[in-house]
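The values are calculated or read from the model by the stated rules, or taken from the named source; none is laboratory data. In this text, all values refer to a predicted model and were calculated from it rather than measured experimentally. Here the Cβ positions follow ideal geometry from the backbone for every residue, glycine too, while neighbour counts run over all protein chains shown. With ligands, DNA and RNA removed, areas are computed over all heavy atoms of the protein, side chains included. Shrake-Rupley method; radii C 1.70, N 1.55, O 1.52, S 1.80 Å.
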Amino acid sequence: MSIPRNAFQQMKMIIRDQSRVLASEEDLVSYGYDASFGFYLPDLVVQVNSAEETAGILKLANRFKIPVTPRGQASSLSGGPLPVKGGIVLDVSQWNKKLIVDSEDLVAVVSPGVVTAQIDKAAAKYGLMYPPDPGSSQMSTIAGNLAENSGGPRCLKYGVTKDYVIGLEVVTPQGEIMRTGGRTVKNVSGYDLTKLIVGSEGTLGVITEATLRLVPRPPSSRTLMIIFDHFIDSGKMVTKILTSGILPAKIEMMDGASIRAVEAYKPLGLPTDAEAILLVALDGHPAAVKDESEKIAEIAKNTGAKEIKVAKTDQEAGELWQARKLVSPAIVRTKPTKISEDATVPRSKIPEFCARLQEIKMKYRIDLVVFGHAGDGNLHPNIICDKRDKKEMERVEKAIEAIFHAALDLGGTLSGEHGIGTMKSAFMPWEFSPEALDMMKRIKTAWDPNNILNPSKIFPVPGQRLVLSE
Ligand SMILES: Cc1cc2nc3c(=O)[nH]c(=O)nc-3n(C[C@H](O)[C@H](O)[C@H](O)COP(=O)(O)OP(=O)(O)OC[C@H]3O[C@@H](n4cnc5c(N)ncnc54)[C@H](O)[C@@H]3O)c2cc1C
């Protein structure tokens, strides 16, 4: 769809600075991608930097029925910011000036384009912490995190993004500016619209400001690397730690394929003959951290661990975590296409899910690398493939379906943190009853009767299936 001429003229009155309205082919192509592998060309990109501008654009778009897709840094792995129906991409990534920490109320008030890691860094100056730490926290925006309800390693102990947002400023699809929640940690007045917007993947409203809860920063931490000869034992170890009375800040897993990929990418002295490693971070009072780390080492010995390394300094801990951070860049060196899944299972089912993933890998002869947030059952089975290879992609389609079946059979969900977007919408009827899906659609229609905001996300179209091989 192209933008009607008079709508374009009126837009110039809303965004006076024309350098923030992008329409060249190079710009439009750049805004056609995210970190998944879909591609859709927008008709126009508008870089907004106030609630009033956002409201003006949405009023106009609603009147002319122009699709609008909000976008942060486009690190989405589910196709969330892709402009499937064309129209306007509303880029909030440049709107990043406000980052106020109030150490008495223990809150941060931020504009939508602030990069997540900057919030934790600002909180640290006051002895506070913003816990949600997606792997992309050095690049992703807080608005993107809120829209996807992002998780991360530290969410095992501290909870996910939705647990830290207490107030929002939102622009509705009809262009009304609205506040939800506030600055109090407790608030039960009326329906909780804040939590409805969080995780709505940019389909209900555009987030223009957020008030976030901060917590005291733990005084000490310790990292352990636990090395296994058998992948399944690492899954059993996660369950044993969590039923031992200890709640680590993080439990991350890397399988043999990811260990070897990282070591080939950057030699760090990782055990390339191991079939899995667990990285465990403990935090809290120094005495408790010491005690818990000894207890975990004991559990590891009794669960078949081959070796346990305990970082003695912050620098050593940083080196151990570097291995986990390098998995994503390391695994894409063998083939150009990476499909990153985040199907999640109840914690007691982690060993069984690990076993099912290995069966799927063998059955469909795919390059499957498994790593991720094992502590909360949120593994990342990543398929490394080449989208130009039709035969391989047919096997990948079947493998993805099998992964979703396995997770749902085990009482899990299609997505623990990356969202549904375009990549998983075809499978929504596998997880939800027609009644539940219909209720979600009715909520969408009540907020956005003209379906202009991020259309073609979350909900399947009849007969839709995953097709990667065309
Ligand atoms: C290497 C790597 C590691 C990652 N690790 C993790 C991880 O550990 N945990 C995790 O959860 N995710 C992870 N992700 C996925 C991704 O980073 C997150 O989903 C992130 O929240 C997206 O933020 P973004 O700013 O890039 O948003 P985008 O990708 O631009 O957009 C994401 C969604 O937010 C919507 N949106 C953007 N701005 C607004 C707004 N102002 N109002 C309303 N909706 C809006 C978009 O429409 C879209 O639906 C990772 C991605 C990569 C590439």
Among residues of region 37-81 being more than 9 Å from the ligand (Cβ to nearest atom) and hydroxyl-bearing (Ser, Thr, Tyr), the residue most open to solvent (accessible area, probe 1.4 Å) is Tyr40
Here the residues within region 347-376 that are among the aromatic types (Phe, Trp, Tyr) and either more than 26 Å from Gly152 (Cβ to Cβ) or open to solvent by 70 Å² or more (accessible area, probe 1.4 Å) (or both) are Tyr364
The lone exception for Asp283 - which of (1) under 26 Å from the mean Cα position of the chain (by Cα); (2) closer than 23 Å to Ile366 by Cβ it fails
(2)
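This table checks each residue for (1) over 24 Å from Phe371 (Cβ atoms); (2) within 31 Å of the chain's Cα centre (by Cα); (3) at pLDDT 95 or above.
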| residue | (1), (2), (3) |
| --- | --- |
| Lys290 | yes, no, yes |
| Ser293 | no, yes, yes |
| Ala305 | no, yes, yes |
| Glu316 | no, yes, no |
| Glu319 | no, yes, no |
| Ala323 | no, yes, no |
Sole miss for Val101 among (1) open to solvent by 20 Å² or more (accessible area, probe 1.4 Å); (2) assigned to a strand (DSSP E or B); (3) within 16 Å of the ligand (Cβ to nearest atom); (4) not basic (Lys, Arg) is condition (3)
Inter-residue pairs, beta-carbon under 7 Å, first closer than 14 Å to Ser258 by Cα and open to solvent by less than 10 Å² (accessible area, probe 1.4 Å) and in region 324-344, second within 12 Å of the ligand (Cβ to nearest atom) and not acidic (Asp, Glu), 6+ apart:
Val327/Phe371; Ile331/Lys338; Ile331/Asn382
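Among the helices (runs of 4 or more DSSP H) confined wholly to region 380-470, which include 1 or more residues that are buried (at least 16 other Cβ atoms within 10 Å of the Cβ) and of a type in the set (Phe, Trp, Tyr)?
Where helices (runs of 4 or more DSSP H) fall fully within region 380-470 and carry at least 1 residues being buried (at least 16 other Cβ atoms within 10 Å of the Cβ) and of a type in the set (Phe, Trp, Tyr), they are 390-409, 434-447.
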Out of curiosity, is Lys186 assigned to a loop (DSSP other than H, G, I, E, B), surrounded by fewer than 17 Cβ atoms within 10 Å (Cβ to Cβ) and more than 16 Å from the ligand (Cβ to nearest atom)?
yes
So for region 168-175 (the condition being assigned to a loop (DSSP other than H, G, I, E, B), at positive phi and within 11 Å of the ligand (Cβ to nearest atom)), does at least one residue qualify?
no
